[in-house]
Structure formats: C-alpha cells, structure tokens
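Just below is one structure, and these are the notes that go with it.
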Amino acid sequence: MLKQRIWQQPVVRTVAAISLGAIAGALCRYYFGLAMNSLVGIAVPYSTLVINITGCFAMGFLATLSLGQVVSLHPDVRLLLLTGFLGAYTTFSSYELDSAHLLEQKRFQADLFYWVGSVTLGLMSLHFGIAFAEWLLGKLDPAEATLHQRDRSN
Amino acid sequence: MEAHSFLPLWIALGAIPGALIRYYLTRICLEKFGGEFPFGTFIINLSGAFLVGFFATLFQSIKADLTLNGFVIIGFLGSYTTFSTYALDTSNLLKLASYKRAVLYGIGSPVMGFLGVELGIALAQRL
C-alpha cells in the first residue's frame with residue numbers, strides 16, 4: 001500500500017528513472033572503454049571518441065523518434081534513456097581531459113584530430129540518428145513523416 | 001587501468017548524483033534564463049571540465065586510490081557532464097537558424113572547456 005504510493009510520486013519516479021539510467025550509462029562507458037583500450041591501445045583516446053559518437057547517434061535517433069506520434073515514449077522512459085543513460089554514457093569532462101593530456105604530450109596532430117573530430121563527428125552522427133529516425137517514422141506512417149518534417153522547427 | 005573488484009560499484013554511486021545534479025541544474029537554468037540558449041548544459045560542461053582537470057591532477061599527485069578516481073572522475077564527473085546533449089543542443093540551435101548562438105555554444109563549449117580543464121590542472125598543481 002505504502003510502496004505503491006511512493007512509486008506514484010512524480011519526484012520519486014523522476015529520480016529513480018534518471019538514477020537507473022545513469023548507473024547503466026556510466027558502467028557501459030567504463031566497460032566499453034576497457035574493451036576498446038585493450039583492443040586498440042590508448043595511444044589516441046579512441047574509447048571516449050567512439051562512446052561520444054555512438055551516444056550522439058542514439059540521442060539523435062531517440063530524441064527524434066520520441067517527438068513523433070507513431071512512437072510515444074513515456075516521460076519517465078524518456079528521462080531514463082535520454083537524461084539518465086545517454087547523458088551518463090557520453091561525457092564532456094573526459095573529452096576535455098583527454099585532449100589536454102594529448103597537448104601535454106605535445107602530440108598536436110592527434111590532439112587536433114581528437115578535439116575537433118569529436119565535435120564534428122558527434123554532430124554528424126547525431127544527424128545520422130535524426131535521419132534514421134525520420135526514415136523509420138516515414139516507413140511506419142507516411143502521413144506522420146510529412147507532419148513531422150513540417151514541425152521540425154519545434 | 002587494472003580491474004578492481006569494487007570499482008564498478010563506486011562508478012555507479014558517483015553516476016547517480018552526477019546525473020541528478022545535471023537534470024535539476026538544467027531545469028533551474030531553463031526556468032531562470034528561458035530556452036533561447038542552453039545555459040544549463042553549457043555551465044555543467046564547463047564546470048565539469050574545470051573539476052576534472054583539478055581532481056585528475058590532484059589524485060595523480062597524492063597517488064589517490066583507484067576507487068576515488070572511479071567515484072569522482074569516471075562516475076560523478078563523467079555522468080555530470082554530457083556530450084550527447086551538447087550535440088543535440090547545437091543541432092537544435094542550427095535548426096532554429098539562430099546561428100550566432102549555435103556558434104557561441106557549439107564552438108564556445110569545447111574552447112572554454114579546454115580553458116577550464118587547463119585552469120583546473122594549473123590550480124591543482126599550485127596546491
């Protein structure tokens with residue numbers, strides 16, 4: 001009885017959704033990073049680069065998909081996936097720390113590639129995610145696709 | 001980085017407050033400054049960059065335990081700052097054709113984040 005009432009409170013649901021997503025996101029980042037590092041080495045911080053790029057793709061995809069009326073995400077699920085999981089999976093602090101380390105080692109070319117590349121590739125992959133979601137929405141319901149494209153400014 | 005049995009637990013414990021502070025700070029900024037410019041994520045990423053420079057340097061010089069590194073840097077700061085929302089915000093500003101804001105945010109974040117991390121490193125080295 002009491003348990004049910006607690007889980008009905010919006011604050012509790014919000015905090016729980018974000019926390020669960022964040023735990024999964026941060027651990028995915030950690031384990032994926034370990035796997036990448038043992039695979040390609042740590043010469044260039046590829047792991048954070050790949051994590052941020054894949055996270056951007058998923059963000060573009062899910063944010064666009066959940067805007068449509070064909071696929072509806074419950075607000076709590078949106079918080080779990082976007083704010084919790086993807087927010088914690090991708091990271092800005094490691095990106096800046098990694099590029100500061102490359103600069104410290106005077107590896108200017110690698111640093112420039114990593115620093116500028118993260119931003120441009122991240123934006124590109126976000127747009128691939130958006131385009132993929134729009135294509136999928138068009139497949140699911142052609143009327144929705146046109147409506148969605150008209151509403152893009154929102 | 002070697003495996004540590006309790007490290008994932010510390011990462012998870014750091015990730016929770018990181019994500020929650022990010023969420024509530026973003027909401028507060030949205031209420032205070034409106035949605036014209038993503039001040040929330042901007043402030044979060046810049047402060048996170050400063051803090052990661054500071055703590056990474058500090059932990060290295062005091063040879064801190066691996067769990068502390070996992071809790072603060074991988075868990076808390078990794079989860080507090082975000083790259084995916086930064087990219088989404090930039091894309092939204094471009095979509096709205098507010099190019100000045102898009103450039104300020106899209107280029108300002110990595111540039112000022114870089115300055116922030118260097119400031120954090122320099123401050124920790126002076127201690």
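Tabulated results
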item	result
Residue count for segment B:2-19, restricted to those that are open to solvent by 90 Å² or more (accessible area, probe 1.4 Å) and outside any loop (DSSP other than H, G, I, E, B)	2
Residues (open to solvent by 60 Å² or more (accessible area, probe 1.4 Å) and either of a type in the set (F, W, Y) or within 10 Å of chain B (Cβ to nearest Cβ) (or both)) located in segment A:92-114	A:H101, A:E104, A:F108, A:F113
Selected residue [of a type in the set (K, R) and either surrounded by 22 or more Cβ atoms within 10 Å (Cβ to Cβ) or not in a helix (DSSP H, G or I) (or both)] from B:R22, B:R27	B:R22
Check on A:L39, over 15 Å from the mean Cα position of the chain (by Cα), at pLDDT below 95 and not in a helix (DSSP H, G or I)	no
Residue, surrounded by the fewest Cβ atoms within 10 Å (Cβ to Cβ), within segment A:41-58, restricted to residues that are more than 10 Å from every other protein chain (Cβ to nearest Cβ) and without any contact (Cβ under 8 Å) to a residue 40 or more places away in the chain	A:G41
Residues satisfying the stated conditions in segment B:30-49, i.e. of a type outside the set (G, A, S), open to solvent by less than 60 Å² (accessible area, probe 1.4 Å) and within 12 Å of the chain's Cα centre (by Cα)	B:T41, B:F42, B:I44, B:N45, B:L46
Hits in segment B:100-127 - residues which are closer than 16 Å to A:T120 by Cα and either open to solvent by 90 Å² or more (accessible area, probe 1.4 Å) or more than 8 Å from chain A (Cβ to nearest Cβ) (or both)	B:A102, B:V103, B:L104, B:Y105, B:I107, B:G108, B:V111
Within segment A:59-76, considering residues that are part of a helix (DSSP H, G or I) and open to solvent by less than 60 Å² (accessible area, probe 1.4 Å), the one nearest to B:G78 (Cα to Cα)	A:M59
Complete set of residues in segment B:81-92 that are of a type outside the set (S, T, N, Q) and either in contact (Cβ under 8 Å) with a residue 40 or more places away in the chain or more than 14 Å from A:H127 (Cβ to Cβ) (or both)	B:F83, B:Y86, B:D89
Test: B:G78 is closer than 20 Å to A:F85 by Cα, touching a residue at least 60 places away in the same chain (Cβ under 8 Å) and more than 7 Å from chain A (Cβ to nearest Cβ)	no
Scan of segment A:1-15 for residues that are within 18 Å of B:R22 (Cβ to Cβ) and either free of Cβ contacts under 8 Å to residues at least 12 places away in the same chain or in a loop (DSSP other than H, G, I, E, B) (or both), ordered by number	A:V11, A:V15
Pairs, first within 13 Å of chain A (Cβ to nearest Cβ) and under 15 Å from B:L123 (Cα atoms) in segment B:51-70, second part of a helix (DSSP H, G or I) and open to solvent by 30 Å² or more (accessible area, probe 1.4 Å), C-beta under 7 Å, six or more apart	B:G53/B:E118; B:G53/B:L119; B:F54/B:L123; B:T57/B:Q125; B:F59/B:L68; B:F59/B:N69
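The values are calculated or read from the model by the stated rules, or taken from the named source; none is laboratory data. Quick caveat: nothing in here was measured; it's all calculated off a predicted structure. So basically every Cβ, Gly included, is an ideal-geometry build from the backbone, and we count neighbours across all protein chains shown. Calculation scope for accessible area: heavy atoms of the full protein, side chains included, ligands and nucleic acids excluded. Shrake-Rupley method; radii C 1.70, N 1.55, O 1.52, S 1.80 Å.
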